[in-house]
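Please treat every number below as a calculation from the coordinates, not as lab data. For clarity, every value in this text was computed on a predicted model and none was experimentally measured. Cβ atoms come from the backbone with ideal geometry, glycine included; neighbour counts cover every protein chain shown.
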Amino acid sequence: MKIFGIVGWKNSGKTTMVAGLVTELKSRGYSVSTVKHAHHAFDLDQPGRDSYKHREAGAQEVLISSGNRWALMHELQDEEEFQLDELLIKMAAVDLVLVEGFKKEPHQKIECHRETSEMPLICAKDDTIVGVATDVEVDTLDLPALDLNDVPAVADFVLKQVGLK
C-alpha cells in the first residue's frame, strides 16, 4: 500500500482536501482508504446503545456489524496510543491510504494552508512535507505550491509522489 499524508493547522482545509482526493482518485479507478488522527477523546458510539453498554461494561473490543458496514472499536484502557504503522496493518490492502494528521510520522505529506491562517507554515520545520496546497501566495521554501481548490491537480501530484502515475 502506498501512503500519503495531508497535514495543516486547524481549519486549513485538510478534511475537505482528503474527501476531495478520495472522490477524485476513486473516479480514476484507484482503491483508497483513509486514516484520521484525532487529538482528543472521541466517541463513535452513543450512550444507551447496546455497543456503548458493552464498552462501558469493560469490553476491550466491540465489533458492530450490519449488512452495510462493520466497525471495530478498541479501547486502549492503559495501553499507549498506536503508532501509524501499527494502525495501517489493521487495514485491508488498497492502492493508496490518505493519512490526515499524524504530522510527526515519516511519510510524505502535503501541507494545507489557507489565507485566513495566522499560523506559520509547518513545512519550514518538517522535511517530510513535499508540497503546499494553498489559496494564497506564500513562500513555500522551494516546495511546489498547489492550488488548494484544484483537487485534480493535487491528485496528480500525490499519484506522482507515491509512484502510482
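In square nanometres, what is the average projected area of the Cα convex hull of segment 52-165?
Its Cα hull, projected and averaged over all orientations, spans 10.5 nm².
Can you sort 165, 103, 14 so the residue with the fewest Cβ neighbours within 10 Å comes first?
Ordered from fewest to most neighbouring Cβ atoms within 10 Å, 165, 103, 14 come out as 165, 103, 14.
Relative contact order, percent, of the chain when contacts are C-alpha pairs under 8 Å separated by at least 6 residues?
32 percent
Which of 109, 125, 104 has the fewest other C-beta atoms within 10 Å, and how do the rest follow up to the most?
Ascending number of Cβ neighbours within 10 Å: 125, 104, 109.
Put a dot 7 Å past each Cα toward the Cβ at residue 126 and residue 53; how far apart are the dots in nm?
Between residue 53 and residue 126, the label points sit 4.3 nm apart.
Under the 0.36 nm per residue contour assumption, what length would be gained going from the current alpha-carbon distance of residue 11 and residue 37 to full extension?
Value of the extension gain: 7.9 nm.
Rounded to the nearest 5, what % of DSSP beta bridges with both residues in segment 11-165 are antiparallel?
So the antiparallel bridges amount to about 30 percent of the total.
Return, ordered by residue number, the residues of segment 134-161 whose backbone nitrogen is under 19 Å from a label point located 7 Å along Cα→Cβ of residue 23.
134-135, 147-159
Quick one: if you stick a label point 7 Å off each Cα along the C-beta vector at residue 147 and residue 64, how many nm between them?
4.0 nm
Mind checking which lysines have their C-alpha under 29 Å from residue 2, skipping anything on the same chain fewer than 8 residues away?
Hits, sequence-local ones excluded: 10, 14, 26, 36, 90, 103, 104, 109, 125, 160, 165.
As a footprinting exposure proxy, order 123, 112 by other Cβ within 10 Å, with the fewest listed first.
Lowest to highest Cβ neighbour count: 123, 112.
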